[in-house]
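Take a look at the structure below.
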Amino acid sequence: MTSHMTSSVRNSKMATHLSCGRVNLNILREAMRMELREFLDKCAGSKAIVWDEYLTGPFGLIAQYSLLKEHEVEKMFTLKSGPLPSSDVKNIIFFVRPRLELMDIIADNIQREERGRFPQRDFYILFVPRRSILCEQRLKDLGVLGSFMHRDEYRLNLIPFDGDLLSMESENAFKECYLENDQTSLYQAAKGLTTLQSLYGTIPQICGKGECARHVANMMIRMKRELGGSQNQITPVFDTLLLLDRNVDLLTPLATQLTYEGLIDEVYGIQNSHVKLPPEKFAPKKQGEGGKDLPTEPKKLLLNSAEELYAEIRDKNFNAVGSVLSKKAKIISAAFEGRHNAKTVGEIKQFVSQLPHMQAEKASLANHTSIAELIKEITTSEAFFDNLTVEQEFMSGFDTDKVNPYIEDCIAKKDPIIKILRLVCLQSVCNTGLKQKVLDYYKREILQTYGYEHILTLHNLEKAGLLKLQASSRNSYPTIRKTLRLWMDDVNEQNPNDISYVYSGYAPLSVRLAQILVRPGWRSIEEVLKILPGPQFEERQSLPPGLLKKRQQGENKVILVFFLGGVTFAEIAALRFLSQMEDGGTEYIIATTKLISGTTWIKSLMEKLEPPPF
């Protein structure tokens, strides 16, 4: 089995950080663990799990290795072609996404296993998050469907990542919804929300903006009807569900995130709350060894609010992180100095009892100081500054209608294609499309420099609305920017008073919509809502009498904001900032189909034309 699963499963500390907020997301995690236990108990006897590698990360957030062991899981393997590794277990369980190419590998595994001289094995398959008729038909065509004792599905729809954050981790949701007109992930979102309501009560108000949002709301309401007359008797935890299509705000993910967590994701990529970092920065420095035996394996760290220091700095603008780290260093060193003042046995005992916590804090500080140094090397470089300057010019509405000399230079230098695509798409979105000659110029330059196989990628970006021709001569972005106050010149990065600090000047459009919905309400921005794509709607779900909760004096409203098509860490930081505002009166819980950065988002839309085989 890959070390990835084992480490993420082991590292999944007891999920206390899921139960600290207004909504105890541990309830959801426990329900998922219960369902997993029930499935494992259907397969009596010793077991080996064969994992679709993509699932090991999300599962690691739900169940530790110890839970699997308790249910007689003795071995874990990664799904790959060829014979399965030898093991003397009675049951082999395949945990897989419903993908045809994976069915071919499973069939190969089973046929080899059945040809071998092994004692009789029982095979099981668990589809995550849903069974698929197409996949079962493929297994039938390959002659192995009858080999399974049991076929089931495990509805891993909304996975709790943190006390205020849920994600489906559906990596192709945006592409499926906006390019392929495939509503599978929307159906899964509606299913996930239905499960959420069964645990946390019916959400009385559903608001939304966008085509996908409308579909999800309709499916939720239909699912609730289909459950029949049984009324949900749980007092609602959420007051409002806000469904937002990603294509209502295509701008935000394209810009470089400037929060600590956002930059870690931009530079190194955060996957399932883990980040892999260059090992040399984390090697213990020993006297006089002069750097021999440097580790070669990347340093893997778990990032969530269970770590006190990380919870404090992750949502800050990166320029405000250094001062927090140095303050923390002084506090920790003063605490360690305290050992000199411990004179009596009681004082010494007390110091010793605090030692593990102090050492954990010291290790945490060392890690984040190293990460901050790594990121600072990048953010202080000329290349980073030049790129950011152009992004900010576009977002503030400067020179968006002509070919940009910086982008021309980057193409000439053959900078990474994703960097070019992000900038060109950002310019297009900030200009409500590009003039024909500007668009043609960029497309020609990209294809000639990076290869004609990228023609499909450009087509996808056009279809998704990220790169487009300006339909009318009027650019509507300035109206949106001014009405929603998307650009703030005087941003305070150290002690912010507005969400625009997460991009050092630009306030994420999506979060501004969430903010305005609460106060003064969407009626105040009707003109802008008409310009943004997709319908806008509000639904009320009736509650059984007596369940409408009376809000206590000073008790905040709770809004679940669901981003259909992905959300960035900078947007999450902005919503957390609104939750913490003294006079805000609202707390936000965030859900999404996928945690994304501009890079992973554009990558999901990239397609390479394969050269012909002759």
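The values are calculated or read from the model by the stated rules, or taken from the named source; none is laboratory data. This structure is a prediction, so every number in the text was calculated from the model and none was measured. Because the Cβ atoms are built from the backbone with ideal geometry, glycine has one as well, and the counts that use them run over all protein chains shown. Ligands, DNA and RNA are excluded from the accessible area calculation, which covers all protein heavy atoms including side chains. Shrake-Rupley method; radii C 1.70, N 1.55, O 1.52, S 1.80 Å.
A few points about this structure:
- Summing Lys and Arg as +1 and Asp and Glu as -1 over all other residues whose Cβ lies under 10 Å from the Cβ of Lys276 gives a net charge of +1.
- Solvent exposure of the chain, expressed per residue, is 46 Å² of accessible area, with all protein chains present and a 1.4 angstrom probe.
- Neighbour net charge for Ser353 - beta-carbon separation under 15 angstrom, K R +1, D E -1: 0
- Spin-label pair Leu355-Leu67: with each label point 7 Å from Cα along the Cα-Cβ axis, the two points sit 3.5 nm from one another.
- Shown here for the stretch 499-605: GluC sites (Glu not before Pro) in loop regions (DSSP other than H, G, I, E, B) with at most 16 other Cβ atoms within 10 Å, namely Glu555, Glu582.
- Cleavage-rule hits, trypsin sites (Lys or Arg not before Pro), the stretch 374-456, DSSP coil, Cβ neighbours within 10 Å at most 16: Lys402, Lys413, Lys414, Lys435
- Linear extension gain, Lys413 paired with Asp490, 0.36 nm per residue minus alpha-carbon span: 24.3 nm
- Amide H contacts of Ile589: Ile559, Leu560, Val561, each under 5 Å away and 5 or more positions distant or on a separate chain (H built 1.01 Å from N in the peptide plane; Pro and chain starts excluded).
- Set of aspartates and glutamates with alpha-carbon distance to Lys299 below 19 Å, sequence-local pairs under 8 removed: Glu261, Asp265, Glu266, Glu280, Glu307, Glu361, Glu373, Glu377
- In this structure, the residue pairs whose Cα-Cα separation is over 29 Å, taken from Lys300/Lys443; Lys414/Lys463; Lys224/Lys557; Lys435/Lys482; Lys276/Lys402; Lys316/Lys402, are Lys300/Lys443; Lys276/Lys402; Lys316/Lys402.
- Rg over Rh [alpha-carbon atoms, Kirkwood Rh] for the stretch 1-156: 0.98
- Translational diffusion of the stretch 296-380 was estimated from the Stokes-Einstein equation, with Rh taken as the Kirkwood radius over Cα pairs; at 25 °C and 0.890 mPa s the coefficient is 168 µm²/s.
- Peptides ranked, highest mean first, by Cβ atoms within 10 Å: ranges 239-246, 218-225, 204-211: 239-246, 204-211, 218-225
- Hull-based mean projected area of the stretch 383-475, where the convex hull spans the alpha carbons, in square nanometres: 5.5
- Extension gain, Glu312 back to Ala334 (0.36 nm per residue minus Cα-Cα distance, nm): 5.9 nm
- Positive minus negative residues near Thr593 (Lys, Arg vs Asp, Glu; Cβ under 13 Å): -1
- Extension reserve of the Ile531-Glu153 stretch, reckoned as 0.36 nm per residue once the Cα distance is removed: 132.0 nm
- Scattering profile of the chain at q = 0.08, 0.09 Å⁻¹ [log10 I(q)/I(0), Debye over alpha-carbon scatterers]: -0.65, -0.83
- Label-point gap, in nm, between Lys300 and Asp386 - each point 7 angstrom along Cα→Cβ: 3.7
- For Lys330, a cut-off of 19 angstrom between C-alpha atoms picks up these lysines, skipping any fewer than 8 places away in its own chain: Lys362.
- A crude spin-label estimate for the pair Ile221 and Tyr187, with each label 7 Å from Cα along the Cβ direction, gives 2.1 nm.
- Kyte-Doolittle mean at least -1.0 and Cα axial length at least 30 Å: DSSP H helices in the chain: 345-379
- Ordering of 142-152, 252-262 by packing [mean C-beta count within 10 Å, highest first]: 252-262, 142-152
- Estimated FRET transfer efficiency when R0 is 60 angstrom, pair Ala44-Lys402 (beta carbons, to 0.05): 0.30
- Ranked by the mean number of other Cβ atoms within 10 Å of their residues, highest first, the peptides 361-371, 90-100 fall in the order 90-100, 361-371.
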